[in-house]
Amino acid sequence: MSHNDHVSLFDDALRRLDKAATHATIDAESLARLRSPKAFIEVSIPVRMDDGTLRVFTGYRSRHDDSRGPAKGGIRFHPSVSPGEVKALAFWMTCKCACVGIPFGGGKGGVIVNPQELSRLELERLSRGYIRQVADFIGPDTDVPAPDVYTNATIMGWMMDEYSKIHRRRTPAVITGKPIALGGSLGRGDATGRGAYYCIKELEKKRGWNPTEVSVAIQGFGNAGQHVARLLHADGYKVVAASDSRGGIYSPDGFDIPSLIQMKLDSRRLEAVYCHGTVCETIDAKKITNEELLELDVDLLLPAALENQITKDNVDNIKAPIIVELANGPTTSEADEVLSKRGTMVVPDILANAGGVTVSYFEWVQNRAGYYWTVEEVHQKLRPIMVSAFNAIYAVMEDKKVDMRTAAYVVALERIGEAIAAQGTADFFVKS
Ligand code: GLU
(Lines give C-alpha, C1' and ligand atoms only; values in the text may rest on other atoms or scores of the structure.)
Protein backbone atom coordinates (compact mmCIF):
# COMPACT_ATOMS: atom_id res chain seq x y z
CA MET A 1 0.00 0.00 0.00
CA SER A 2 1.38 3.39 -0.92
CA HIS A 3 2.12 6.24 1.41
CA ASN A 4 -0.73 8.28 -0.12
CA ASP A 5 -3.23 5.54 0.56
CA HIS A 6 -2.33 5.75 4.20
CA VAL A 7 -2.60 9.50 4.29
CA SER A 8 -6.14 9.09 3.00
CA LEU A 9 -6.75 6.45 5.66
CA PHE A 10 -6.81 9.27 8.20
CA ASP A 11 -9.16 11.31 5.99
CA ASP A 12 -11.34 8.23 5.68
CA ALA A 13 -11.36 7.91 9.46
CA LEU A 14 -12.49 11.54 9.75
CA ARG A 15 -15.35 10.83 7.35
CA ARG A 16 -16.78 8.45 9.95
CA LEU A 17 -16.39 11.17 12.55
CA ASP A 18 -18.45 13.59 10.45
CA LYS A 19 -21.16 11.04 9.75
CA ALA A 20 -21.54 10.05 13.38
CA ALA A 21 -21.37 13.67 14.57
CA THR A 22 -24.69 14.40 12.84
CA HIS A 23 -26.34 11.91 15.22
CA ALA A 24 -24.40 12.75 18.40
CA THR A 25 -24.71 15.50 20.96
CA ILE A 26 -21.20 16.94 20.77
CA ASP A 27 -19.94 20.49 20.71
CA ALA A 28 -18.40 21.79 17.45
CA GLU A 29 -15.24 22.77 19.35
CA SER A 30 -14.75 19.24 20.64
CA LEU A 31 -15.17 17.89 17.13
CA ALA A 32 -12.64 20.36 15.78
CA ARG A 33 -10.12 19.15 18.36
CA LEU A 34 -10.51 15.56 17.22
CA ARG A 35 -9.69 16.35 13.60
CA SER A 36 -5.93 16.29 14.17
CA PRO A 37 -3.63 14.54 16.63
CA LYS A 38 -2.67 16.47 19.74
CA ALA A 39 0.97 15.57 19.11
CA PHE A 40 2.86 13.54 16.55
CA ILE A 41 6.54 12.67 16.34
CA GLU A 42 8.77 11.08 13.75
CA VAL A 43 12.02 9.51 14.92
CA SER A 44 14.93 7.80 13.27
CA ILE A 45 16.37 4.73 14.91
CA PRO A 46 19.94 3.72 14.07
CA VAL A 47 20.45 -0.02 14.54
CA ARG A 48 23.74 -1.91 14.36
CA MET A 49 22.96 -5.04 12.32
CA ASP A 50 24.50 -8.45 12.96
CA ASP A 51 26.84 -8.10 9.97
CA GLY A 52 28.33 -4.94 11.45
CA THR A 53 26.57 -2.45 9.15
CA LEU A 54 24.22 0.30 10.33
CA ARG A 55 20.59 0.63 9.27
CA VAL A 56 18.47 3.64 10.11
CA PHE A 57 14.76 2.87 10.64
CA THR A 58 11.92 5.40 10.72
CA GLY A 59 9.35 5.33 13.51
CA TYR A 60 6.33 7.37 14.60
CA ARG A 61 4.11 7.93 17.61
CA SER A 62 0.81 9.79 17.48
CA ARG A 63 -1.00 11.04 20.57
CA HIS A 64 -4.41 11.66 19.15
CA ASP A 65 -6.35 12.76 22.22
CA ASP A 66 -5.93 12.57 25.98
CA SER A 67 -9.06 14.31 27.26
CA ARG A 68 -10.33 11.16 28.99
CA GLY A 69 -6.97 9.88 30.25
CA PRO A 70 -3.43 9.08 29.08
CA ALA A 71 -3.15 8.16 25.41
CA LYS A 72 -3.24 4.39 24.87
CA GLY A 73 -2.46 2.20 21.89
CA GLY A 74 -0.10 -0.26 20.32
CA ILE A 75 3.17 -0.11 18.42
CA ARG A 76 3.20 -1.76 15.00
CA PHE A 77 6.26 -3.11 13.17
CA HIS A 78 5.29 -3.36 9.51
CA PRO A 79 6.76 -2.37 6.12
CA SER A 80 3.70 -0.27 5.19
CA VAL A 81 3.61 1.86 8.36
CA SER A 82 3.17 5.55 7.44
CA PRO A 83 2.29 8.80 9.25
CA GLY A 84 -1.29 8.71 7.93
CA GLU A 85 -1.79 5.14 9.05
CA VAL A 86 -0.43 5.82 12.54
CA LYS A 87 -2.66 8.91 12.86
CA ALA A 88 -5.74 6.94 11.79
CA LEU A 89 -4.94 4.10 14.19
CA ALA A 90 -4.45 6.58 17.06
CA PHE A 91 -7.78 8.23 16.25
CA TRP A 92 -9.50 4.84 16.38
CA MET A 93 -7.91 4.18 19.78
CA THR A 94 -9.45 7.41 21.17
CA CYS A 95 -12.85 6.25 19.96
CA LYS A 96 -12.30 2.66 21.12
CA CYS A 97 -11.42 3.57 24.71
CA ALA A 98 -14.41 5.94 24.90
CA CYS A 99 -16.68 3.36 23.29
CA VAL A 100 -16.12 0.82 26.08
CA GLY A 101 -15.71 3.51 28.74
CA ILE A 102 -12.14 2.94 29.93
CA PRO A 103 -10.26 6.05 31.13
CA PHE A 104 -7.76 6.46 28.30
CA GLY A 105 -7.32 8.58 25.22
CA GLY A 106 -5.86 7.31 21.97
CA GLY A 107 -2.31 6.83 20.71
CA LYS A 108 -0.43 4.61 18.27
CA GLY A 109 3.11 4.04 17.16
CA GLY A 110 4.84 2.28 14.35
CA VAL A 111 8.19 1.47 12.77
CA ILE A 112 8.67 0.88 9.04
CA VAL A 113 10.25 -2.57 9.07
CA ASN A 114 9.58 -6.15 8.14
CA PRO A 115 10.48 -7.81 11.46
CA GLN A 116 10.65 -11.23 9.82
CA GLU A 117 13.87 -10.10 8.11
CA LEU A 118 15.59 -9.29 11.42
CA SER A 119 17.45 -11.61 13.76
CA ARG A 120 16.25 -11.68 17.36
CA LEU A 121 19.19 -9.55 18.45
CA GLU A 122 18.46 -6.98 15.74
CA LEU A 123 14.81 -6.95 16.80
CA GLU A 124 15.82 -6.29 20.40
CA ARG A 125 18.14 -3.42 19.36
CA LEU A 126 15.37 -1.90 17.22
CA SER A 127 12.78 -2.20 20.01
CA ARG A 128 15.07 -0.60 22.58
CA GLY A 129 16.18 2.02 20.03
CA TYR A 130 12.58 3.04 19.37
CA ILE A 131 11.97 3.54 23.09
CA ARG A 132 15.14 5.64 23.47
CA GLN A 133 13.78 7.98 20.78
CA VAL A 134 10.26 8.30 22.19
CA ALA A 135 11.11 8.08 25.91
CA ASP A 136 10.15 11.71 26.57
CA PHE A 137 6.90 11.35 24.66
CA ILE A 138 5.46 8.32 26.49
CA GLY A 139 4.92 7.50 30.18
CA PRO A 140 2.39 5.88 32.55
CA ASP A 141 0.48 9.18 32.88
CA THR A 142 0.94 10.50 29.34
CA ASP A 143 0.92 7.77 26.73
CA VAL A 144 1.02 4.01 27.28
CA PRO A 145 2.00 1.74 24.34
CA ALA A 146 1.12 -1.96 23.84
CA PRO A 147 1.49 -4.68 21.19
CA ASP A 148 -0.04 -4.34 17.73
CA VAL A 149 0.59 -5.96 14.33
CA TYR A 150 3.89 -7.95 14.42
CA THR A 151 4.86 -6.91 17.95
CA ASN A 152 4.43 -9.15 21.00
CA ALA A 153 4.97 -9.60 24.73
CA THR A 154 8.74 -10.17 24.40
CA ILE A 155 9.11 -6.85 22.56
CA MET A 156 6.98 -5.09 25.23
CA GLY A 157 9.30 -6.55 27.88
CA TRP A 158 12.41 -5.11 26.17
CA MET A 159 10.67 -1.78 25.78
CA MET A 160 9.61 -1.60 29.44
CA ASP A 161 13.17 -2.48 30.49
CA GLU A 162 14.67 0.20 28.26
CA TYR A 163 12.28 2.87 29.57
CA SER A 164 13.02 1.78 33.15
CA LYS A 165 16.77 2.09 32.55
CA ILE A 166 16.41 5.58 31.07
CA HIS A 167 14.31 6.74 34.04
CA ARG A 168 16.39 4.75 36.55
CA ARG A 169 13.28 3.23 38.13
CA ARG A 170 11.26 0.17 37.31
CA THR A 171 8.18 1.42 35.47
CA PRO A 172 5.95 -1.47 34.40
CA ALA A 173 2.92 0.79 33.85
CA VAL A 174 4.61 2.53 30.90
CA ILE A 175 3.62 -0.28 28.55
CA THR A 176 1.08 -3.12 28.53
CA GLY A 177 0.98 -6.55 26.97
CA LYS A 178 4.22 -7.48 28.78
CA PRO A 179 5.28 -11.02 29.66
CA ILE A 180 3.57 -12.15 32.90
CA ALA A 181 6.97 -12.42 34.63
CA LEU A 182 7.62 -8.72 33.96
CA GLY A 183 4.27 -7.40 35.21
CA GLY A 184 1.95 -8.48 32.43
CA SER A 185 -1.67 -9.34 33.19
CA LEU A 186 -3.10 -12.83 33.02
CA GLY A 187 -5.71 -12.91 30.28
CA ARG A 188 -4.08 -10.19 28.13
CA GLY A 189 -2.89 -12.73 25.54
CA ASP A 190 -6.34 -13.73 24.29
CA ALA A 191 -8.19 -10.55 25.31
CA THR A 192 -8.81 -9.17 21.81
CA GLY A 193 -10.24 -12.46 20.54
CA ARG A 194 -12.17 -12.96 23.76
CA GLY A 195 -13.76 -9.49 23.59
CA ALA A 196 -14.99 -10.22 20.04
CA TYR A 197 -16.21 -13.63 21.23
CA TYR A 198 -18.28 -11.96 23.98
CA CYS A 199 -19.85 -9.70 21.31
CA ILE A 200 -20.69 -12.74 19.15
CA LYS A 201 -22.26 -14.48 22.18
CA GLU A 202 -24.56 -11.46 22.63
CA LEU A 203 -25.56 -11.69 18.97
CA GLU A 204 -26.15 -15.41 19.45
CA LYS A 205 -28.65 -14.61 22.24
CA LYS A 206 -30.41 -11.93 20.21
CA ARG A 207 -30.70 -14.10 17.09
CA GLY A 208 -31.30 -17.44 18.82
CA TRP A 209 -28.43 -19.14 16.98
CA ASN A 210 -27.46 -22.77 17.30
CA PRO A 211 -23.64 -22.46 17.05
CA THR A 212 -23.24 -25.74 15.16
CA GLU A 213 -25.24 -24.22 12.29
CA VAL A 214 -23.16 -21.02 12.10
CA SER A 215 -20.26 -20.96 9.65
CA VAL A 216 -17.35 -18.60 10.24
CA ALA A 217 -14.51 -17.33 8.01
CA ILE A 218 -11.50 -15.62 9.61
CA GLN A 219 -9.11 -13.45 7.64
CA GLY A 220 -5.84 -13.27 9.58
CA PHE A 221 -4.60 -15.98 11.93
CA GLY A 222 -2.48 -13.92 14.29
CA ASN A 223 -3.22 -13.25 17.95
CA ALA A 224 -6.83 -12.03 17.56
CA GLY A 225 -7.81 -14.51 14.83
CA GLN A 226 -6.45 -17.58 16.58
CA HIS A 227 -8.09 -16.87 19.92
CA VAL A 228 -11.52 -15.99 18.58
CA ALA A 229 -11.35 -19.14 16.44
CA ARG A 230 -10.46 -21.25 19.48
CA LEU A 231 -13.27 -19.86 21.64
CA LEU A 232 -15.91 -20.13 18.90
CA HIS A 233 -14.81 -23.64 17.96
CA ALA A 234 -15.06 -24.76 21.59
CA ASP A 235 -18.71 -23.62 21.57
CA GLY A 236 -19.45 -25.62 18.43
CA TYR A 237 -19.21 -22.89 15.78
CA LYS A 238 -18.01 -24.14 12.41
CA VAL A 239 -14.83 -22.28 11.41
CA VAL A 240 -14.74 -23.14 7.71
CA ALA A 241 -11.97 -20.81 6.51
CA ALA A 242 -8.86 -19.11 7.81
CA SER A 243 -6.00 -17.25 6.18
CA ASP A 244 -2.70 -15.56 6.91
CA SER A 245 -0.53 -13.21 4.84
CA ARG A 246 0.46 -16.09 2.54
CA GLY A 247 -3.05 -17.35 1.73
CA GLY A 248 -5.95 -19.29 3.17
CA ILE A 249 -7.62 -22.66 3.52
CA TYR A 250 -11.28 -23.63 3.25
CA SER A 251 -13.16 -26.72 4.40
CA PRO A 252 -16.99 -26.64 4.39
CA ASP A 253 -17.20 -29.07 7.32
CA GLY A 254 -15.10 -26.81 9.55
CA PHE A 255 -11.58 -27.12 10.94
CA ASP A 256 -10.31 -28.61 14.15
CA ILE A 257 -9.00 -25.29 15.43
CA PRO A 258 -6.58 -26.55 18.12
CA SER A 259 -4.62 -28.49 15.46
CA LEU A 260 -4.73 -25.54 13.07
CA ILE A 261 -3.28 -23.29 15.79
CA GLN A 262 -0.61 -25.86 16.61
CA MET A 263 0.33 -26.08 12.96
CA LYS A 264 0.56 -22.33 12.60
CA LEU A 265 2.73 -22.13 15.72
CA ASP A 266 5.02 -24.93 14.52
CA SER A 267 5.43 -23.78 10.94
CA ARG A 268 4.49 -20.08 11.22
CA ARG A 269 2.23 -20.50 8.19
CA LEU A 270 -1.18 -21.97 7.46
CA GLU A 271 -0.16 -23.25 4.07
CA ALA A 272 1.74 -25.95 5.91
CA VAL A 273 -1.42 -28.04 5.67
CA TYR A 274 -0.13 -29.02 2.27
CA CYS A 275 3.12 -30.37 3.56
CA HIS A 276 3.67 -34.06 4.22
CA GLY A 277 3.80 -34.00 7.99
CA THR A 278 1.45 -36.01 10.16
CA VAL A 279 -0.88 -33.19 11.26
CA CYS A 280 -0.93 -31.90 7.72
CA GLU A 281 -2.29 -35.11 6.32
CA THR A 282 -5.14 -35.15 8.81
CA ILE A 283 -6.52 -31.86 7.53
CA ASP A 284 -8.47 -31.86 4.31
CA ALA A 285 -8.67 -28.34 2.91
CA LYS A 286 -8.92 -26.38 -0.29
CA LYS A 287 -6.40 -23.61 -0.84
CA ILE A 288 -7.95 -20.14 -1.29
CA THR A 289 -6.66 -16.57 -1.50
CA ASN A 290 -7.31 -13.86 1.06
CA GLU A 291 -9.63 -12.17 -1.47
CA GLU A 292 -11.63 -15.38 -1.94
CA LEU A 293 -11.95 -15.82 1.81
CA LEU A 294 -13.67 -12.45 2.15
CA GLU A 295 -16.21 -13.40 -0.51
CA LEU A 296 -17.20 -16.80 0.93
CA ASP A 297 -20.86 -17.54 1.54
CA VAL A 298 -20.60 -17.80 5.33
CA ASP A 299 -22.76 -16.61 8.23
CA LEU A 300 -20.00 -14.69 10.02
CA LEU A 301 -17.02 -12.97 8.43
CA LEU A 302 -14.22 -11.96 10.80
CA PRO A 303 -11.54 -9.70 9.30
CA ALA A 304 -8.64 -10.01 11.76
CA ALA A 305 -5.67 -8.80 9.71
CA LEU A 306 -5.03 -5.29 8.40
CA GLU A 307 -7.00 -2.21 7.35
CA ASN A 308 -8.59 -1.58 3.92
CA GLN A 309 -9.70 -5.13 3.15
CA ILE A 310 -13.38 -4.55 2.33
CA THR A 311 -13.42 -1.73 -0.19
CA LYS A 312 -15.63 -0.37 -2.97
CA ASP A 313 -13.93 -2.88 -5.30
CA ASN A 314 -15.03 -6.07 -3.52
CA VAL A 315 -17.96 -5.00 -1.36
CA ASP A 316 -20.52 -6.14 -3.94
CA ASN A 317 -19.12 -9.68 -3.68
CA ILE A 318 -19.22 -9.89 0.12
CA LYS A 319 -21.93 -12.41 1.00
CA ALA A 320 -21.72 -12.75 4.79
CA PRO A 321 -24.72 -11.08 6.47
CA ILE A 322 -22.64 -10.28 9.58
CA ILE A 323 -19.10 -8.92 9.82
CA VAL A 324 -17.25 -8.67 13.13
CA GLU A 325 -14.14 -6.50 12.80
CA LEU A 326 -11.21 -7.79 14.85
CA ALA A 327 -8.71 -5.83 12.78
CA ASN A 328 -8.56 -2.05 12.99
CA GLY A 329 -10.15 -0.35 9.99
CA PRO A 330 -10.74 -3.38 7.71
CA THR A 331 -13.72 -1.68 6.00
CA THR A 332 -13.41 1.61 4.11
CA SER A 333 -16.09 4.27 4.56
CA GLU A 334 -17.24 3.81 0.94
CA ALA A 335 -17.73 0.07 1.46
CA ASP A 336 -19.50 0.86 4.73
CA GLU A 337 -22.19 2.82 2.91
CA VAL A 338 -22.90 -0.12 0.61
CA LEU A 339 -22.99 -2.63 3.49
CA SER A 340 -25.25 -0.40 5.53
CA LYS A 341 -27.74 0.07 2.66
CA ARG A 342 -27.74 -3.65 1.99
CA GLY A 343 -28.47 -4.39 5.65
CA THR A 344 -25.21 -6.23 6.39
CA MET A 345 -24.54 -5.92 10.09
CA VAL A 346 -21.01 -4.75 10.93
CA VAL A 347 -19.91 -5.02 14.54
CA PRO A 348 -17.31 -2.25 14.29
CA ASP A 349 -13.63 -2.48 15.22
CA ILE A 350 -13.84 0.12 17.98
CA LEU A 351 -16.23 -2.21 19.82
CA ALA A 352 -15.38 -5.69 18.52
CA ASN A 353 -11.62 -5.54 19.17
CA ALA A 354 -11.75 -3.43 22.35
CA GLY A 355 -11.14 -6.45 24.61
CA GLY A 356 -7.39 -6.06 24.08
CA VAL A 357 -7.13 -2.50 25.29
CA THR A 358 -9.58 -3.22 28.11
CA VAL A 359 -7.29 -5.88 29.57
CA SER A 360 -4.38 -3.49 28.91
CA TYR A 361 -6.21 -1.09 31.21
CA PHE A 362 -6.44 -3.88 33.82
CA GLU A 363 -2.70 -4.49 33.42
CA TRP A 364 -1.95 -0.78 33.97
CA VAL A 365 -4.18 -0.75 37.08
CA GLN A 366 -2.45 -3.87 38.47
CA ASN A 367 1.02 -2.39 37.80
CA ARG A 368 0.13 0.80 39.63
CA ALA A 369 -1.42 -1.05 42.55
CA GLY A 370 1.33 -3.68 42.65
CA TYR A 371 -1.42 -6.25 43.21
CA TYR A 372 -2.17 -8.95 40.65
CA TRP A 373 -5.46 -10.62 39.68
CA THR A 374 -6.31 -14.19 38.73
CA VAL A 375 -7.31 -14.98 35.16
CA GLU A 376 -10.86 -15.60 36.42
CA GLU A 377 -10.99 -12.07 37.84
CA VAL A 378 -9.78 -10.68 34.50
CA HIS A 379 -12.52 -12.55 32.62
CA GLN A 380 -15.13 -11.57 35.19
CA LYS A 381 -14.24 -7.91 34.73
CA LEU A 382 -13.85 -8.01 30.94
CA ARG A 383 -17.15 -9.66 30.12
CA PRO A 384 -19.50 -7.07 31.68
CA ILE A 385 -17.57 -4.24 30.02
CA MET A 386 -17.92 -5.84 26.58
CA VAL A 387 -21.52 -6.93 27.13
CA SER A 388 -22.73 -3.56 28.38
CA ALA A 389 -20.89 -1.67 25.62
CA PHE A 390 -22.36 -4.03 23.02
CA ASN A 391 -25.90 -3.64 24.34
CA ALA A 392 -25.67 0.13 24.81
CA ILE A 393 -24.50 0.49 21.21
CA TYR A 394 -27.14 -1.95 19.96
CA ALA A 395 -29.81 0.16 21.68
CA VAL A 396 -28.52 3.39 20.08
CA MET A 397 -28.50 1.62 16.71
CA GLU A 398 -32.17 0.66 17.09
CA ASP A 399 -33.21 3.94 18.63
CA LYS A 400 -31.55 6.20 16.05
CA LYS A 401 -32.04 3.77 13.15
CA VAL A 402 -28.35 3.95 12.20
CA ASP A 403 -25.79 1.24 11.48
CA MET A 404 -23.83 -0.23 14.36
CA ARG A 405 -20.63 1.64 13.52
CA THR A 406 -22.39 4.98 13.61
CA ALA A 407 -24.00 3.99 16.91
CA ALA A 408 -20.58 3.07 18.38
CA TYR A 409 -19.16 6.44 17.30
CA VAL A 410 -22.17 8.26 18.77
CA VAL A 411 -21.52 6.62 22.16
CA ALA A 412 -17.77 7.35 21.91
CA LEU A 413 -18.13 10.94 20.71
CA GLU A 414 -20.59 11.85 23.43
CA ARG A 415 -18.17 10.59 26.10
CA ILE A 416 -15.17 12.38 24.58
CA GLY A 417 -17.23 15.53 24.02
CA GLU A 418 -18.35 15.49 27.64
CA ALA A 419 -14.73 15.35 28.86
CA ILE A 420 -13.65 18.19 26.58
CA ALA A 421 -16.68 20.32 27.41
CA ALA A 422 -16.14 19.80 31.16
CA GLN A 423 -13.28 22.30 30.87
CA GLY A 424 -15.56 24.80 29.14
CA THR A 425 -16.36 25.50 25.51
CA ALA A 426 -17.27 28.82 23.85
CA ASP A 427 -20.80 28.32 25.12
CA PHE A 428 -19.57 28.60 28.69
CA PHE A 429 -16.98 31.33 28.20
CA VAL A 430 -18.99 33.63 25.94
CA LYS A 431 -21.99 33.58 28.27
CA SER A 432 -19.94 34.24 31.44
N1 GLU B 1 -3.11 -2.74 19.55
C2 GLU B 1 -4.33 -3.06 20.22
C3 GLU B 1 -5.47 -2.27 19.63
O4 GLU B 1 -5.41 -1.83 18.51
C5 GLU B 1 -4.22 -2.93 21.73
C6 GLU B 1 -3.89 -1.58 22.23
C7 GLU B 1 -3.62 -1.54 23.73
O8 GLU B 1 -3.77 -2.54 24.39
O9 GLU B 1 -3.27 -0.45 24.19
O10 GLU B 1 -6.52 -2.14 20.22
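The values are calculated or read from the model by the stated rules, or taken from the named source; none is laboratory data. Computed from a predicted model, the values in this text were never measured in an experiment. Methodologically, a virtual Cβ is constructed for each residue, glycine included, from the backbone with ideal geometry; neighbour enumeration extends over all protein chains shown.
One line per residue, one yes/no per condition, for (1) surrounded by 15 or more Cβ atoms within 10 Å (Cβ to Cβ); (2) away from the ligand (no atom under 15 Å from the Cβ):
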{"residue": "352", "(1), (2)": "yes, no"}
{"residue": "358", "(1), (2)": "yes, no"}
{"residue": "362", "(1), (2)": "yes, no"}
{"residue": "369", "(1), (2)": "no, yes"}
{"residue": "375", "(1), (2)": "no, yes"}
{"residue": "380", "(1), (2)": "no, yes"}
{"residue": "384", "(1), (2)": "no, yes"}
{"residue": "387", "(1), (2)": "yes, yes"}
Note to self: Whether any residue in the stretch 307-322 is among the acidic types (Asp, Glu), within 16 Å of the ligand (Cβ to nearest atom) and modelled with pLDDT of 95 or more is what I want to check.
What the structure shows: no
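With respect to residue 212, determine if the residue is exposed (fewer than 14 other Cβ atoms within 10 Å of the Cβ), of a type in the set (S, T, N, Q) and at pLDDT 95 or above. Break it down into steps so the answer makes sense when it comes.
Details: exposed (fewer than 14 other Cβ atoms within 10 Å of the Cβ): yes; of a type in the set (S, T, N, Q): yes; at pLDDT 95 or above: yes.
So residue 212 passes the test.
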When restricted to 171, 151, 192, 176, the only residue among the β-branched types (Val, Ile, Thr) and more than 21 Å from residue 96 (Cα to Cα) is 171
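Being modelled with pLDDT of 95 or more, within 12 Å of the ligand (Cβ to nearest atom) and of a type in the set (S, T, N, Q) is true for just one of 176, 171. Which residue is that? Step through it out loud before you land on a result.
Values: 171 fails: within 12 Å of the ligand (Cβ to nearest atom).
The unique qualifying residue is 176.
What is the residue count in the stretch 283-300 for residues that are farther than 20 Å from residue 356 by Cβ and part of a strand (DSSP E or B)? Show your work before the answer.
Initially, the stretch 283-300 is screened for residues farther than 20 Å from residue 356 by Cβ, giving 283-299.
From what is left, the residues that are part of a strand (DSSP E or B) are 286-288.
Residues in the stretch 283-300 being farther than 20 Å from residue 356 by Cβ and part of a strand (DSSP E or B): 3 in total.
Looking for whichever is within 22 Å of the chain's Cα centre (by Cα) and part of a helix (DSSP H, G or I) here; the options are 412, 419, 395. Which one fits?
On the way: 419 fails: within 22 Å of the chain's Cα centre (by Cα); 395 fails: within 22 Å of the chain's Cα centre (by Cα).
Answer to the selection: 412.
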Pairing a residue in the stretch 278-293 that is under 17 Å from residue 259 (Cβ atoms) and of a type in the set (Val, Ile, Thr) with any residue that is crowded, with 16+ Cβ neighbours inside 10 Å and modelled with pLDDT under 80, where Cβ atoms lie under 6 Å and the two sit 6 or more apart in sequence or on different chains, gives 283/273
Reported set for the stretch 37-60 where residues are touching a residue at least 12 places away in the same chain (Cβ under 8 Å) and of a type in the set (S, T, N, Q) is 44, 58
Subset of the stretch 312-333, residues touching a residue at least 40 places away in the same chain (Cβ under 8 Å) and over 20 Å from residue 223 (Cα atoms), comes to 320, 322, 332, 333
Just one listed residue, out of 76, 68, is in contact with a Lys or Arg (Cβ under 8 Å, 6 or more places away or on another chain), more than 10 Å from the ligand (Cβ to nearest atom) and at pLDDT 95 or above, and it is 68
Taking the stretch 97-122 and keeping residues among the acidic types (Asp, Glu) and either on the phi > 0 side of the Ramachandran plot or surrounded by 18 or more Cβ atoms within 10 Å (Cβ to Cβ) (or both) leaves 122
Requiring at least 2 residues that are in contact with a Ser or Thr (Cβ under 6 Å, 6 or more places away or on another chain), the helices (runs of 4 or more DSSP H) wholly within the stretch 137-255 are 153-167
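Might you check whether a residue that is in contact with a His (Cβ under 8 Å, 6 or more places away or on another chain) and more than 20 Å from residue 406 (Cα to Cα) occurs anywhere in the stretch 54-62? Walk me through how you get there before you give the answer.
From the stretch 54-62, those in contact with a His (Cβ under 8 Å, 6 or more places away or on another chain) are none; that's our starting set.
For the stretch 54-62, residues in contact with a His (Cβ under 8 Å, 6 or more places away or on another chain) and more than 20 Å from residue 406 (Cα to Cα): absent.
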Residues of the stretch 248-296 being at pLDDT 90 or above and of a type in the set (S, T, N, Q), in sequence order, are 251, 289, 290
Within the stretch 323-350, of all residues that are among the acidic types (Asp, Glu) and surrounded by fewer than 19 Cβ atoms within 10 Å (Cβ to Cβ), the one nearest to the ligand (Cβ to nearest atom) is 334
Residues of the stretch 154-166 being surrounded by fewer than 18 Cβ atoms within 10 Å (Cβ to Cβ) and either within 15 Å of the ligand (Cβ to nearest atom) or polar (S, T, N, Q) (or both), in sequence order, are 154, 164
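Residues that are of a type in the set (S, T, N, Q) and more than 23 Å from the chain's Cα centre (by Cα): which strands (runs of 3 or more DSSP E) entirely in the stretch 1-119 hold 1 or more of them?
Ranges flagged: 39-48.
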Answer yes if at least one residue in the stretch 91-103 is touching an Asp or Glu at 6+ places or on another chain (Cβ under 7 Å), under 20 Å from residue 173 (Cβ atoms), within 10 Å of the ligand (Cβ to nearest atom) and at pLDDT 95 or above, and no otherwise. no
